[in-house]
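As structure tokens, the structure follows; a few thoughts come after it.
The values are calculated or read from the model by the stated rules, or taken from the named source; none is laboratory data. What you see is a predicted model; the values in this text were computed from it and never measured. Quick reminder, even Gly has a Cβ in these numbers, built from the backbone with ideal geometry, and neighbours come from all protein chains shown.
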Amino acid sequence: MIYDFIHLGSGPIMMLDALNKSNNSSQNILLIDKANELGGSWKNINLFGDNLVENAVHYLLPDSKGYSFLSKNFRIELENAERKFYAVNIFNLKLLVNVNNVFGKFIYLINGGDQAYPIKMKNFLNTLFKKSIVSQTKYPKEGMTHVLQRISETLLKSKVKVKLNENINKIIISENYITLKSKKNTYRTKKLILSHGFIPCEIIGKESIQISIEKKINPRPSLHIITKTKSKVNKKYFGFSQVLFPRGSLIKYVHQLSQFQNLSENKNQQIIVAALNHDLKQSKNNYYKIADLLEKYNCIPYSEKRSIDQFYWQEIFIYQMSTKELLKLSKISKNKISFLETECLNKGFGKYSDTWNFPENYFYN
């Protein structure tokens, strides 16, 4: 069988595009993912005895059309930046200052924060009082679990065929179609859809010439930490949604995950995830260094003794292929290989929502 389209990867944009193509044509569409569940880097994990802990909160960068698409199709409320903070260190006094606070922004700029605008003296005041991207970002108030669940369930009920646990290790470009091979199967398609998250495998062009593709790897280790207490956790530890740390810190930023969990009123636990410095290595010593720093900034409750099972480390690698390399593949294949821009989810929603045609209440029928 030769498919009309094969989507390689199951991030939200890839799933939505496959659904749209399936709904608006009689074409045969296949979606393949090497993981055992849908969602790509957005899928949730079972952790610390809780179901579907948000794996990593990738904030939705400003795009009004993207926000509108989410709100309209998934009945969600988007939270603004009022609970986002900068971590600042003044004479060894560690403080959290709201991102909308000019003083906090000044200190963050001086500290060289990763998500701050670069300082140029000639327009320093303009930079200082300019509304930053950080303060304009939004995120679903109840997390992305609901959105992922609706997309995944709808996809599995659709005409789109889905193959999970299928790692494609070879792609062959020929005159009439694209062949994909795994250890288990061979697939053929008239058009292959990739994304920035595609991890390059062996790619063979015409006349059996191997195509060299540069794989861009951005390591982004992360650490989940749960703090359990015998009594109710002080509400101040649930007061933030995101904290950004200065450049050079062990931590890049921290996200509050407890806000997305179905915890009882007597909250005796708190869960966060910290995105870490890219060159930080996994070690028990680093676990406790990170926990200690977060305690000092009041991002997590103090614990006299933490056990190793209260930490969960992940080696995350993001943005595997550049737009330049994807365009190269598209040209070599004479457009039989194309790609969707997925490195920024909300901007992708905004870009493709004009071409997607989902009926009202489509994800709830």
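Filtering K235, K281, K216, K190 for residues that are surrounded by fewer than 14 Cβ atoms within 10 Å (Cβ to Cβ) and either modelled with pLDDT under 90 or within 30 Å of N28 (Cβ to Cβ) (or both) leaves a single hit, K235.
If you go through the range 1-28 and keep only what is under 25 Å from the mean Cα position of the chain (by Cα) and either in a strand (DSSP E or B) or not assigned by TED's automatic domain parsing to the domain that holds N44 (or both), you end up with F5, I6, H7, L8. Criterion applied to L16, L38, L30 was being modelled with pLDDT of 90 or more, aliphatic (A, V, I, L, M) and farther than 23 Å from N361 by Cβ, and the one residue passing it is L30. Checking each residue in the range 238-254 for being under 19 Å from the mean Cα position of the chain (by Cα) and either surrounded by fewer than 20 Cβ atoms within 10 Å (Cβ to Cβ) or in a strand (DSSP E or B) (or both) picks out Q242, V243, L244, I251, K252, Y253, V254. Within the range 60-90, the set of residues being in the same structural domain as I226 (by TED's automatic domain parsing) and of a type in the set (F, W, Y) comprises F85, Y86. Only one entry in S322, S338 is over 23 Å from F74 (Cβ atoms), within 19 Å of the chain's Cα centre (by Cα) and surrounded by fewer than 19 Cβ atoms within 10 Å (Cβ to Cβ), namely S322.
For the range 6-16, the criterion of a residue being buried (at least 23 other Cβ atoms within 10 Å of the Cβ), of a type in the set (S, T, Y) and touching a strand residue (DSSP E or B) at 6+ places or on another chain (Cβ under 8 Å) is satisfied by at least one position. Of the numbered criteria (1) hydroxyl-bearing (S, T, Y); (2) within 30 Å of Y187 (Cβ to Cβ); (3) in contact (Cβ under 8 Å) with a residue 40 or more places away in the chain; (4) surrounded by fewer than 16 Cβ atoms within 10 Å (Cβ to Cβ), the one S26 fails is (3).
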